[in-house]
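These notes concern the structure reproduced below.
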Amino acid sequence: MAGLVLAAGLASAVLVRYSPGALVDQRELNQRLGEDSLAAMRAQKARNSNVGANFLAYLRNLVHGDLGYSESNNAPIASLIADRAPATLRELGVGLSGGWLIGLGLAIPVGRFRRAWMYDAASSATAGLLLSLPAALLAYLCLMEGAASGTVLVIVLAPRIFRFARNLLVQAYGAHHVEMARARGVREWRILSAHILPEAAPQLLALFAASASMAIGAAIPVEAICDAPGLGRLAWQAATARDLPLLVNLTMLVTLATIAAVILSESMTRKDAGSPV
Amino acid sequence: MKTARAAAIALLAVIALIALAPEWWATNRYETQFRATPDAPPSARFPLGTDALGRDRLSRLIYGTRVSFLLAPAAALLSCIAAAALGGLAGLAGGFLDRTIVAAADLFLSLPWLFLLLIVRACLPLNVSPAASVTITFLLLGMLGWAAPARVVRAAVRKLKSSDFVFMARARGCRPWRLLWRQLVPNVAPILLAQFWVSIPIYILTETTLGMLGLGVAEPLPSWGGLLRELEGGYFIAQPYLLAPAILLALVVGSFQLVLAREDFSI
């Protein structure tokens with residue numbers, strides 16, 4: 001896991017360094033800057049152009065808790081991340097919990113009532129429409145209604161979760177033992193809690209990891225458009241300002257979060273598979 | 001459902017036809033400015049009005065369709081070729097090569113695409129030409145999208161490698177290249193075709209998001225993402241015709257979903 005995170009950081013540093021225009025600095029267009037300032041700026045850029053040496057220096061500092069300094073924000077990166085992370089975590093929390101509540105909540109009746117084809121068609125069509133629009137466009141539309149960025153994430157995630165959960169639950173409700181249980185008069189909530197959800201749990205947990213990754217990816221355009229003070233907006237600002245140290249740190253953080261979600265889901269799946277149902 | 005699917009295929013065919021030759025359908029060039037009529041409302045001359053620079057919105061939408069609709073399949077093709085090469089190699093070779101390719105795929109899968117695209121796209125020079133920006137955007141999409149299909153191809157190749165018919169072919173002295181072309185490739189092709197179709201709407205949506213963030217195709221070349229930036233001001237409530245690119249995008253991506261829903265790509 002640590003190797004993957006470091007590899008992601010190094011890959012992003014290499015990508016940025018060798019992108020065309022990586023050594024271009026917009027500040028050089030400022031006509032008020034003198035020759036000395038321009039020379040100092042170019043010398044600093046030249047010092048920062050050695051990716052390998054800079055990455056090693058970064059790792060040395062990282063051991064001491066120093067994440068480096070953001071030129072574009074004129075602040076230490078650790079404090080920038082610490083300031084912005086709570087807002088993003090709150091948004092992700094709202095987005096994931098709301099998305100799961102709505103997505104799973106809408107999917108259960110589709111599986112339960114097989115003859116409710118109109119409900120199935122209407123909910124699937126709505127999910128299909130929302131899936132056909134990019135997160136940034138949904139953010140624009142929601143922004144006009146005064147919705148918060150967390151609400152936009154709910155709208156982005158709910159149709160994805162619904163679509164996967166619907167197929168899983170339709171399959172689980174169609175199993176023979178569920179029909180047997182129903183024939184024996186077992187109540188619906190009992191069927192759901194004892195037969196359907198435990199059976200679909202491994203796939204639902206895998207879907208949870210995927211939805212966490214989707215939420216992190218969607219947070220960038222949503223925060224950038226909704227002007228939310230989170231890590232997504234910070235990443236967008238760092239990208240447009242070509243702030244390499246900040247981008248490397250954010251890449252590693254995003255990779256860490258995504259891998260952690262996958263590992264958590266895999267460990268829960270294994271635990272679930274090992275426990276008797 | 002059959003009717004809806006047929007309608008979706010027909011719609012995609014019509015849009016592909018328009019995208020192939022936009023100059024046949026558009027009444028003006030995408031960059032032509034009518035300086036006397038900026039921000040004009042819809043009229044017989046300009047059915048979707050003109051933008052702030054006096055350019056015909058409908059013509060720009062038609063030319064933007066060419067960029068978004070035709071280059072997404074090109075990017076999907078690129079990622080499928082890379083996936084076939086790397087996934088096939090990992091599945092066939094096994095060992096160290098397999099582990100290295102799987103680790104690289106894991107690395108790509110653990111990073112949100114949009115994040116990587118933001119990083120690289122933002123590092124382009126400020127004076128990048130529109131043609132270069134569109135090529136780089138879609139090349140990046142193609143290069144970043146190989147990981148998920150490569151894992152699928154690798155799994156399929158590993159399964160096929162240990163199947164009975166491959167074992168029989170080997171036993172009868174079939175050479176490795178013949179085995180690859182006559183036995184493995186035809187069986188992996190449907191999987192790659194599925195990955196290709198699935199990738200197209202994803203690439204269209206990703207380009208749109210990049211364009212809306214101002215990091216997509218450079219002006220004056222239009223793309224759906226660039227055209228949707230007009231919604232930023234929130235004027236679409238008073239001027240609903242500004243939503244035309246959004247409606248077209250929803251129709252195209254929705255049509256892809258409908259078409260893909262019934263495809264049976266299993267081997």
* Asked: When only Cα pairs under 8 Å and 6 or more residues apart are kept, what is the percent relative contact order across chain A?
  -> 26
* Amide H within-cut-off set for A:S70, under 5 Å, with H built and near neighbours excluded -> A:A75, A:I77
* Where in chain B are the DSSP H helices whose alpha-carbon span along the long axis reaches 18 Å or more and whose Kyte-Doolittle mean is at least 0.5? -> B:2-20, B:71-93, B:95-110, B:130-144, B:185-212, B:244-261
* In chain A, which longest range has no trypsin sites (Lys or Arg not before Pro) that are both DSSP loop (not H, G, I, E or B) and surrounded by at most 13 other Cβ atoms within 10 Å? -> A:188-277
* Mean shadow area of chain A, taken as a quarter of the surface of its Cα convex hull (nm²) -> 18.8
* Relative contact order [Cα under 8 Å, 6+ residues apart], chain B, whole percent -> 24
* Among all helices in chain A defined by DSSP H, which have a length of 30 Å or more along the axis from Cα atoms plus a Kyte-Doolittle mean of at least -0.5? -> A:77-112, A:149-173, A:197-226, A:244-274
* To do: Calculate for chain A the 222 nm mean residue ellipticity that helices alone would give, adding -39,500 (n - 2.57) per DSSP H run of length 4 or more and normalising by residue count, nearest 500 deg cm²/dmol.
  => -26000 deg cm²/dmol
* To do: Could you pull out the chymotrypsin sites (Phe, Trp or Tyr not before Pro) across region A:102-166 that fall in loop regions by DSSP (anything but H, G, I, E, B) with no more than 12 other Cβ atoms inside 10 Å?
  => A:F113
* **Sequence-separation-based contact order of region B:108-263, relative, with Cα cut under 8 Å and 6+ spacing, percent** => 24
* Structure fact -> Taking every alpha carbon pair in the protein assembly as shown and sorting the distances into 20 angstrom bins from 0 up to the bin holding the longest one, the percent per bin comes out as 18, 51, 27, 3, 0
* To do: Within 10 Å of each residue's Cβ, count the other Cβ atoms and sort A:S12, A:S72, A:S97, B:S68 from fewest upward.
  => A:S97, A:S72, A:S12, B:S68
* **Loop-located trypsin sites (Lys or Arg not before Pro) in region B:1-106, at most 15 other Cβ atoms within 10 Å (DSSP)** => B:R29, B:R35, B:R45
* To do: Would you mind checking the radius of gyration and Dmax of region B:24-108 based on alpha-carbon positions, in Å?
  => 22.9, 68
* Asked: After finding the eigenvalues of the alpha carbon gyration tensor for region B:175-267, what semi-axes result from the square roots of 5 times each, listed largest first in whole Å?
  -> 39, 16, 7
* **Expected-Rg normalisation [2.2 N^0.38 Å, Cα atoms] applied to region A:108-176** => 1.30
* Label-point separation, B:K159 to A:S193 (7 Å along Cα→Cβ), nm -> 3.7
* Grab the beta carbon distance between A:A85 and B:D106, set R0 = 35 Å, and tell me the FRET efficiency rounded to 0.05. => 0.90
* Asked: Ranking A:L38, B:L227, B:L58 by Cβ neighbours within 10 Å, fewest first, what do you get?
  -> A:L38, B:L58, B:L227
* Structure fact -> Treating every alpha carbon of chain B as one equal point scatterer without solvent, the Debye formula yields log10 I(q)/I(0) values at q = 0.09, 0.10, 0.15 Å⁻¹ of -0.51, -0.61, -1.10
* What base-10 log of the normalised intensity I(q)/I(0) is obtained for region A:118-277 from the Debye formula, alpha carbons as equal point scatterers, at q = 0.14 Å⁻¹? -> -0.86
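Values in this text are rule-based calculations from the coordinates and carry no lab data. Keep in mind the model is a prediction, meaning the values are calculated, not measured. Every residue, glycine among them, receives a Cβ derived from its backbone with ideal geometry; neighbour counts consider all protein chains shown.
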